[in-house]
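The values are calculated or read from the model by the stated rules, or taken from the named source; none is laboratory data. Nothing here was measured: the structure is a model prediction, and the numbers come from that model. All Cβ positions, glycine included, derive from the backbone under ideal geometry; neighbour counts span all protein chains shown. With ligands, DNA and RNA removed, areas are computed over all heavy atoms of the protein, side chains included. Shrake-Rupley method; radii C 1.70, N 1.55, O 1.52, S 1.80 Å.
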Amino acid sequence: MSNLFVVAYEDLATANQVREKMLDLAKQHLVELEDIVVVERREDGKIKLHQAVNYTATGAAGGALWGGVIGLLFLVPLLGAAVGAAAGAAGGAATDTGINDDFMKELSQNLRPGAAALFVLVKQASPDKVIPQIASFGGQLVQTSLSNEEEEQLRAALKAAKGEAAAQEASNGASKGGSNGA
């Protein structure tokens, strides 16, 4: 069963950095993602979803390819490609896998303008390796699908990882400052 995590960030850039980090962790097989979406609340209050996969574009490209091939059979490849692209785009736009778009938009209404949230649907993860990697970015855990007990354990692990990251940063700053006098 997949678990949903929603984390709010002060700005879009930080949310995008965390998404890239999560995708990198997925390449390392430390987390298995079902869906990952950055949701931005613009200054004008409008909500913008930044999906990891653009199904409309993917559908249009696939439809154009297959439409062109079928069009070749009937000696009208351009017409076949155009019809195939339109059908593929329509099919792609209707495809919504992973996290429900309406749910993301509704929950993101609570973000302040200029802020962003990261919605992550996780199949499996190695929390002991993933949490320290993303805790340094900060953010506020808004919602999870975990039980109350599991959510409290996650919050405690995030707090501990943030503390360790801050202590390490302070230690690095002190060692850099101390070496200037030599």
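Just a few scattered comments:
- Enumeration of residues in segment 133-158 that are assigned to a helix (DSSP H, G or I), surrounded by 11 or more Cβ atoms within 10 Å (Cβ to Cβ), free of Cβ contacts under 8 Å to residues at least 40 places away in the same chain and not hydrophobic (A, V, I, L, M, F, W, C): Glu150, Glu151, Glu152, Gln153, Arg155
- Tabulated pairs, segment 1-18, first under 19 Å from Arg42 (Cα atoms) and of a type in the set (Val, Ile, Thr), second part of a strand (DSSP E or B) and open to solvent by 40 Å² or more (accessible area, probe 1.4 Å), C-beta under 6 angstrom, 6+ apart or interchain: Val6/Val142; Val6/Gln143
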